[in-house]
């Protein structure tokens, strides 16, 4: 078992730029050592959108509309709940039985949803809170950077910022296209399509966006016509996406939907894969060889799908939900972490022996104190995100900040 | 189609049995849906327990058993029609006229008739099951004079007619929404899970379809219900009960229980049909594993290389291509068989046959695209001019004629036409048969390609009797002017109308030409359809691309004898040529516009986006090869132009 005390001592001064031959290289981020842009984002210069839907509505809507108009508007904006609210609120205009009936129905629905929420507490969270809870990013709701993705084949990366824009940086290029779209809100995950130069999938609050950014174009603001909008009723907010390594399929997951969607992106059709239990899907990770897919749920349970006939194995965890996971390059070993534990587990899959029975602990991340020249540094904690490099030599672990 | 002698072994041994299995499952599921229907039709909030016990006793009643037998007959018939009508390549009518043609096709008429009958049968069963006031056509009633006679039970008749209506609308929508088009799912799943996953969609579609049908039928019955009622009552000598409100009136139709029962029965009807179709789709598209090679020569036609070259049995070709795409991704042992050499002689027969077939498929698509581009390039300009001359002759032609209509309006007044007289002949007599639409409309047996239809479309064929009979001499004299002389028609005072505004109505004696223009408009109104029709069978090309690119990529590490190397230049250049053709196709107007998504319809609209899927699959395939081979591609002998294109892929600039 691996533990943090085996690592060389980190230094508090300066920025750690990268790791090279088991040494952490420090440096000034402004100075260019590699030919890659190093943009700086200041938290205060980016304004997050504060547009709660309900507060602005009452300021602009003309309240002297007829009941029919208001009901139709409520139905359009927020469905059955909105309609019932509207009817109950305007009790003096509607027949008494209708107001009472809608009130009762509303109470019943509330009761049912609270029962559902007591089974799956995450369903009571609002959209943004849910994204912040299940994001792989540290401090999602307040950080300037909300998501990050390297292109799998070339020196190019995309960052999603607090103001709901996405910027794309390339080596040897000064143009940094900014992507903005009406539907692009609360970006939780980004991923470049493998075996493609241009397509970027974005998981948003209400839908899935596929941007096609022409790499040869000099435009800094690609129009929203370059984006494909994929959505499915009941499948939002989307907190995780995963392209198949062959670049043909895209899987998306939402914590409120028990089905994960397998998209044929170009044809814009999707196949829902539903399994009972778990209450939703929070995190997806496709093994690099394309044979397996990890799907974590908000409950102490995760599934491992095999991607040939799309059947799944259930893996109940004992203590908490699976927060993050990653695959070895040959797809035979899965590392994952569980919320509330400072451990990394491993599962080894094999086509011959029929698969593992239990997970083994491979790393212990409990707090360790390093004594350096600048004083003591304490490192350790829960895992927020895991990533294994494509050659299989190194594992990057993002730890949750300590209280 | 079902004459077994002409059919290949695949139809006889595989497809028929799959169809039989799907029908068997629909028959097995029938009692379940019937029981649910019985429960919903008799449920009452006041006496839930009593209603439950009533339902269970009714389930074993002889009338219910008889109904089930009738319903089984309906399911068998539906299964037969599924097998007879299913298609892997959708027929995409390129115009409203062609769509009308398919709807009025004799084959389709027979289909509609059979479905009307089946709808009536199912509705008869459901009315017997619901019982009460619906059960029989004749009911005893007391007329004014006080004697007891048999009266017409209008509720029963209403349900029966609604069954016929729903049967017809199923058949009609089947054409419009391509319900018999069988598409393949992007992922493989076991049949049970696939069925389970699609079941909510089937129920939702049935309920919505039933709602629409009930609404439409109620409207229809309100206006025309009197006729069948009078006819039935006079033929069967049944009285009309005057004590009950007639159903073709507002008070009669505003009957909640009647509407509920109509809705429930309609849902049951649609669910029965949709489940049969769904099971058929799932069974037919199930992957079939062909052996790559066989040790016995007499089994050669069962093997993958032979199945791929099949021309007549499309389903076998498709399944073989799907199998190729799957094995190239998932099955190392079968890939090894493809890369192997023949035992005496040492020839890579398997690989040669597979790659040759895939490449010929791709080059056929390239030719088709190039031909279409040529047709558009030569026709587009002429077409737009003929459109403008329509406008100037004072008829209502809107600007949806062609993409070239985006030209500014003013310069056109001064452009003299270079091909007077021939314009109309070229652009519209040739219209139905021209290279632009006809070869790309798969349904060539449409009656509208017959001379009768050309006559109907108002084109002037000198041989046809229509020519002399209806066209007045005045029109005849003006004829050439109408189609050619846009400049002249301006100078002699006819107002230069803008294409969008509706100009003054044409005089009466111009009616045939107006009809012709109206037809012309209808015929050209689906611009996206020609693009869809071009790519209608592209699922095959997508699999060929996936299969061959995966095989080439894995050959980098798995091909021991280097059999793939010999064909690599060929493969690369045909992929690049296809990419150029596809890119040029997407520059055409309407080619890159996204189709409107139809929700809540059971018909599969996958074919509408196949061209985008093909483009994505093509680019991914080229990337797969370039990423795997990398710098080694520089050693492959291909032309400089293609190398330049591939270099862009190597630099991720596509």
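Readers should treat all values here as calculations from the given coordinates under stated rules, not as data from a laboratory. Just so it is clear, the structure is predicted and the values come from calculations on it, not from any experiment. We place every Cβ from the backbone using ideal geometry, glycine too, and count neighbours over all the protein chains shown.
Using Cβ counts within 10 Å as a stand-in for footprinting exposure, how do A:276, A:112, B:564, B:20 rank, fewest first? Don't jump to the answer; show the numbers that get you there.
Numbers: A:276 6, A:112 10, B:564 22, B:20 13.
Going from least to most buried by this count: A:276, A:112, B:20, B:564.
Scaled to the globular estimate 2.2 N^0.38 Å, the Cα spread of segment B:188-240, given as radius of gyration, is 2.00.
Counting Cβ atoms of other protein chains within 10 Å of each Cβ in B:619-632 and taking the mean gives 3. When the helices of chain A are scored as -39500 (n - 2.57) per DSSP H run of n ≥ 4 and the total is divided over every residue, the value at 222 nm lands at -5000 deg cm²/dmol.
Taking each residue of A:258-270 in turn, how many C-beta atoms of other protein chains fall within 10 Å of its C-beta, and what is the average? Present the calculation step by step, with values, prior to reporting the outcome.
Numbers: counts 0, 1, 0, 0, 4, 1, 9, 4, 12, 16, 9, 10, 1.
Mean shielding count: 5.
Using a ≥ b ≥ c from the Cα gyration tensor of segment A:301-379 (square roots of the eigenvalues), is it rounded, prolate or oblate, where a/c under 1.5 gives rounded and otherwise the larger of a/b and b/c decides, a/b for prolate? Prolate, because a/c is 1.5 or more and a/b exceeds b/c. Between the alpha-carbon centres of segment B:565-580 and segment A:69-121 there is a gap of 62 Å.
Given C-alpha coordinates of segment B:123-180, what is the ratio Rg to Rh with the Kirkwood estimate of Rh? Please report the intermediate quantities before stating the final value.
On the way: Rg = 16.4 Å, Rh = 13.2 Å.
Over the Cα atoms of segment B:123-180, Rg/Rh equals 1.24.
Label positions at residue B:378 and residue A:314, each projected 7 Å from the Cα along the C-beta direction, are separated by 6.6 nm.
Taking other C-beta atoms within 10 Å as the exposure proxy, A:286, B:9, A:388 rank B:9, A:388, A:286 from fewest upward.
Using Cα-Cα distances under 8 Å and only pairs 6 or more residues apart, what relative contact order does chain A have, in percent?
Details: 813 pairs, mean separation 41.3, N = 403.
RCO, chain A: 10 percent.
Under the criterion of Cα pairs below 8 Å and six or more residues apart, the relative contact order for segment A:330-403 equals 22 percent.
Taking the empirical scaling 2.2 N^0.38 Å for compact globular proteins as reference, segment B:531-654 has a Cα radius of gyration ratio of 1.20.
Based on the alpha carbons, how large is the Rg to Rh ratio for chain A when Rh follows Kirkwood?
Radius of gyration relative to Kirkwood radius: 1.00.
Relative to the longest principal axis of the Cα atoms of chain A, helix A:67-89 runs at roughly 30 degrees. Ranked by how many other Cβ atoms sit within 10 Å of their own Cβ, fewest first, the residues A:172, B:18, B:42, B:142 fall in the order A:172, B:142, B:42, B:18.
The convex hull defined by the C-alpha atoms of segment A:69-210 has an orientation-averaged projected area of 11.9 nm². Taking label points 7 Å from Cα along the Cα-to-Cβ direction, residue A:76 and residue A:165 give a separation of 3.1 nm.
Please say if segment B:83-175 is rounded, prolate or oblate, where rounded means a/c under 1.5 for a ≥ b ≥ c the square roots of the C-alpha gyration tensor eigenvalues, and otherwise the choice is prolate for a/b larger than b/c and oblate otherwise? In terms of gyration-tensor shape, prolate.
With R₀ fixed at 25 Å, the C-beta to C-beta distance from residue B:298 to residue B:337 puts the FRET efficiency at about 0.85. What the Cβ-Cβ distance of residue B:9 and residue B:231 gives, at R0 = 41 Å and to the nearest 0.05, is a FRET efficiency of 0.20. Full extension of the chain between residue B:309 and residue B:255 yields a length gain of 13.4 nm, computed as 0.36 nm times the residue separation minus the alpha carbon distance.
What per residue convex hull volume, in Å³, do the alpha-carbon atoms of segment B:104-233 yield?
Values: hull volume 18.8 nm³, N = 130.
Taking the convex hull of the Cα positions in segment B:104-233, it is 144 Å³ per residue.
In this simple spin-label model, placing a label point 7 Å from the Cα along the Cα-to-Cβ direction at both residue B:60 and residue B:39 gives a separation of 1.8 nm. Judged by the gyration tensor of its Cα atoms, with axes a ≥ b ≥ c, segment A:362-401 is prolate; a/c meets the 1.5 cut and a/b is the larger of a/b and b/c.
Relative to the longest principal axis of the Cα atoms of chain A, the long axis of helix A:96-119 makes an angle of roughly 20 degrees. Report, in whole Å, the centroid distance computed from the Cα atoms of segment A:201-243 and segment B:31-49. Between the Cα centre of segment A:201-243 and that of segment B:31-49, the gap is 46 Å. From the alpha carbon centroid of segment A:299-318 to that of segment B:142-186 is 47 Å.
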